[in-house]
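So the structure is just underneath, and the comments pick up after that.
Taken together, the values in this text are just the output of simple stated rules run on the coordinates, not laboratory data. Only a predicted model underlies this, so the values are computations on that prediction, with no experimental measurement involved.
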């Protein structure tokens with residue numbers, strides 16, 4: 001799909017905002033919350049912020065592929081940040097932008113429901129990210145990652161590890177809920193910003 005110069009500028013702006021969050025807030029959160037950083041809290045916060053920024057951008061550029069392009073811009077900025085190239089965040093940004101595109105494509109029309117669906121879908125990547133990255137980077141099997149996730153989830157939720165399936169389901173549902181909430185917020189906030197700029 002072709003984009004006008006104005007649309008490309010919006011894509012660059014919202015991609016840069018997303019990338020700036022990743023470069024600054026994401027790095028600080030990983031320092032502040034190291035025990036939870038790689039399994040739940042930081043990834044969920046950053047995914048939710050990415051959803052809000054990208055979906056607001058989609059209101060300004062209501063075309064398929066615009067969110068993916070914003071994700072590419074954000075990923076490029078993350079690559080050149082002070083911390084250097086880290087595969088995990090790059091994969092997460094691109095995967096989330098692809099899932100946002102999928103959610104929006106399934107809904108066809110840009111509505112609040114479409115944003116909620118896209119946000120919830122994108123946030124699920126935060127759940128599967130660890131399984132895939134640990135396998136790619138360290139050759140660690142899914143079972144080992146699953147056990148660690150259950151242990152860390154049990155500690156976070158204050159639930160006994162014997163309720164492993166319950167813990168996993170809760171962790172997944174929390175991610176979906178956070179992404180859906182981000183989509184809900186993006187719809188209202190994006191329309192507010194767009195209407196203010198149109199005056």
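Structure above, values below:
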{"read-out": "Mean Cα-pair separation over length for the chain, i.e. relative contact order, pairs under 8 Å, 6 or more apart, %", "value": "25 percent"}
{"read-out": "Mean residue ellipticity (222 nm) of the chain, computed from DSSP H runs ≥ 4 via -39,500 (n - 2.57), nearest 500", "value": "-26000 deg cm²/dmol"}
{"read-out": "Degrees separating the helix 41-60 axis from the principal Cα axis of the chain, which is the longest one", "value": "20 degrees"}
{"read-out": "In Å, descending, principal axis extents of the Cα set of the chain", "value": "56, 36, 29"}
{"read-out": "GNM top mover of 150, 73, 166 - the chain, alpha-carbon springs below 10 Å", "value": "166"}
{"read-out": "Nearest-ten-degree value, helix 87-107 long axis tilted from longest Cα axis of the chain", "value": "60 degrees"}
{"read-out": "Principal-axis tilt of helix 66-79 within the chain, Cα atoms, nearest 10 degrees", "value": "60 degrees"}
{"read-out": "Residue with peak Gaussian network fluctuation, the chain [Cα springs, cutoff 10 Å], from 168, 56, 159", "value": "159"}
{"read-out": "The chain: most fluctuating residue of 171, 98, 87 per GNM, C-alpha cutoff 10 Å", "value": "87"}
